[in-house]
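J.: One structure, as structure tokens, below. Some questions next.
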Amino acid sequence: MATASMAFKSREDHRKQLELEEARKAGLAPAEVDEDGKEINPHIPQYMSSAPWYLNAERPSLKHQRKWKSDPNYTKAWYDRGAKIYQADKYRKGACENCGAMTHDSKSCMDRPRKLGAKWTNMHIAPDEKIETFELDYDGKRDRWNGYDSAAYARVIERYEARDEARRKYLKEQQLKKLEEKNNNQNGEEEEVSDEEDDDDALKVDEAKVDESKQMDFAKVEKRVRTTGGGSTGTVRNLRIREDTAKYLLNLDVNSAHYDPKTRSMREDPLPDMDPNEKFYDGDNRYRVSGQALEFKQLNIHAWEAFEKGQDIHMQAAPSQAELLYKNYKINKEKLKSKNKDTIMEKYGNAASEEQLPRELLLGQSEREVEYDRAGRIIKGQETALPRSKYEEDVYINNHTSVWGSWWKDHQWGYKCCRQMIRNSYCTGSAGIEAAEAATDLMKSNLARKEAIEEIPAPSEEKRLATWGTDVPEDLVLDNNLLAEALKKEDERKREA
């Protein structure tokens with residue numbers, strides 16, 4: 001308001017101007033005209049020299065107030081399929097390297113990939129395609145038949161008519177051929193006439209066949225189909241053959257397989273004692289463990305196990321991801337299985353291979369001599385193979401010729417080759433064994449000499465002393481000094497008492 005009031009000399013002039021504008025709006029006062037004779041828009045403030053660029057008083061300024069209906073002939077305009085606009089004689093810069101057209105690049109080229117493109121050969125330049133753009137409204141973008149040429153269906157009709165014409169021509173040729181055979185063969189005229197009549201009847205019936213699609217509507221059932229949008233009424237074809245016996249009528253025994261009428265399911269076999277070759281229904285559980293149902297079950301189990309092991313997989317949230325992971329898992333499993341199989345075959349061989357065995361093995365003959373005893377045991381000619389363990393065997397260290405633990409003496413393990421009890425010792429061979437035996441003999445002789453020198457101590461008499469609370473033996477020897485001292489102490493104690 002401060003800026004607006006600056007255009008007037010006083011507050012009173014401003015008030016008069018507002019009253020004049022209200023009168024002009026009501027039609028009580030003539031419209032104001034500028035210097036050029038144009039009527040002044042009352043919505044534009046008088047202090048503005050010109051209207052802004054975004055304000056157009058000729059039409060509504062808001063989008064939703066304008067005419068929103070577009071041209072009703074929008075559906076008539078469509079792409080001109082296969083139209084060409086220009087045929088170049090030589091390659092142009094920026095054109096497709098394959099065919100030479102300017103309207104696309106080599107990545108989106110639909111022509112056959114050439115061995116040498118038009119960029120290098122400068123020959124057989126393809127014409128430029130006609131590129132069009134249309135601005136369609138909401139209905140035009142969603143019109144399924146927009147751009148459809150009804151004349152294109154004439155080619156379909158022509159193809160079917162040509163087929164029917166060829167069929168009629170073929171039938172006519174067959175009839176003429178039979179008539180010629182009839183004229184040439186006069187013998188057996190009655191038999192041939194009867195055969196021709198049958199053939200003619202068959203041809204007529206073949207031509208007069210009714211379209212089978214019109215006879216397939218006898219089993220239509222109108223029912224409500226559940227969908228994600230809440231359901232819709234549609235036509236569902238009933239595929240059950242009317243001559244089949246219902247599953248709940250196969251066995252009328254009350255104690256037979258249970259039939260659930262709500263889900264129309266009978267999980268168990270209604271006729272378990274019947275010959276399997278004569279039965280056509282074995283219960284719904286058979287379908288649960290066969291075919292695609294079993295594969296889907298295994299897919300679910302794999303998704304659960306993978307989720308428990310920490311993988312981000314969910315069968316309901318991302319079924320495509322779960323199926324792809326299961327497919328990769330099966331491929332990797334087969335690869336690992338084949339790898340293990342190849343490793344085993346490489347190590348142990350394959351007895352079922354197609355390789356031809358040596359002649360000696362096929363005839364059971366060899367140059368090896370084996371001697372048996374009367375019981376059938378091998379005496380000579382085949383060494384018994386010792387079973388090998390998972391640990392390293394026959395590994396010799398420090399010049400030893402035997403392994404650690406091959407020698408045992410005085411509750412100690414050692415090497416048999418040098419009889420040393422230290423594991424990391426260096427092998428000394430037979431010289432070490434002789435040195436060890438000499439040292440042992442010397443130690444034994446020294447011990448024997450020491451025992452001979454030592455004096456045998458005199459045997460001491462063992463005194464048996466009596467203890468309190470035990471019976472005193474007759475041969476007990478008492479110490480007189482200690483006895484006198486004990487009696488003295490006992491007399492003193494009695495005096496004090």
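J.: Cβ neighbours within 10 Å, averaged per peptide: list 116-122, 415-421, 332-338, 284-290 in order, most packed at the top. Numbers along the way, then the final one.
T.: On the way: 116-122: 15.0, 415-421: 19.4, 332-338: 10.0, 284-290: 13.0.
Per-residue mean Cβ counts within 10 Å order the peptides as 415-421, 116-122, 284-290, 332-338.
J.: Net charge within 10 Å of VAL403 by Cβ-Cβ distance, Lys/Arg positive one each and Asp/Glu negative one each, not counting VAL403 itself? Before the final figure, lay out each step's value.
T.: Values: positive: LYS416; negative: GLU392, GLU393, ASP394.
Value of the local net charge: -2.
J.: Which three lengths, in whole Å and largest first, does the range 270-328 cover when its Cα atoms are put on their principal axes?
T.: 48, 18, 18
J.: Hey, another quick one. Based only on Cα atoms, what mean projected area does the convex hull of the range 383-435 have, in nm²? Don't skip to the end; give the middle numbers.
T.: On the way: hull surface 19.7 nm².
The number I arrive at for the range 383-435 is 4.9 nm².
J.: R0 = 56 Å: FRET efficiency of LEU442 with ASN285, Cβ-based, nearest 0.05? Intermediate values should be presented prior to the final figure.
T.: On the way: r = 89 Å, r/R0 = 1.58.
So the FRET efficiency works out to roughly 0.05.
J.: Additional query: Checking the table LYS309/LYS335; LYS416/LYS444; LYS297/LYS327; LYS297/LYS330 against a 18 Å threshold on Cα-Cα, which pairs fail?
T.: Details: LYS309/LYS335 22 Å; LYS416/LYS444 23 Å; LYS297/LYS327 14 Å; LYS297/LYS330 15 Å.
Listed pairs above 18 Å: LYS309/LYS335; LYS416/LYS444.
J.: Moving on to the next point. Using label points projected 7 Å from each Cα along Cα→Cβ, tell me how many nm separate ASN424 and GLU393, to one decimal.
T.: In this crude spin-label approximation the distance works out to 2.8 nm.
Computed from the coordinates by the stated procedures, all read-outs in this text should not be read as laboratory data. What you see is a predicted model; the values in this text were computed from it and never measured. All Cβ positions, even for glycine, are placed from backbone atoms using ideal geometry, and neighbour counts span all protein chains on display.
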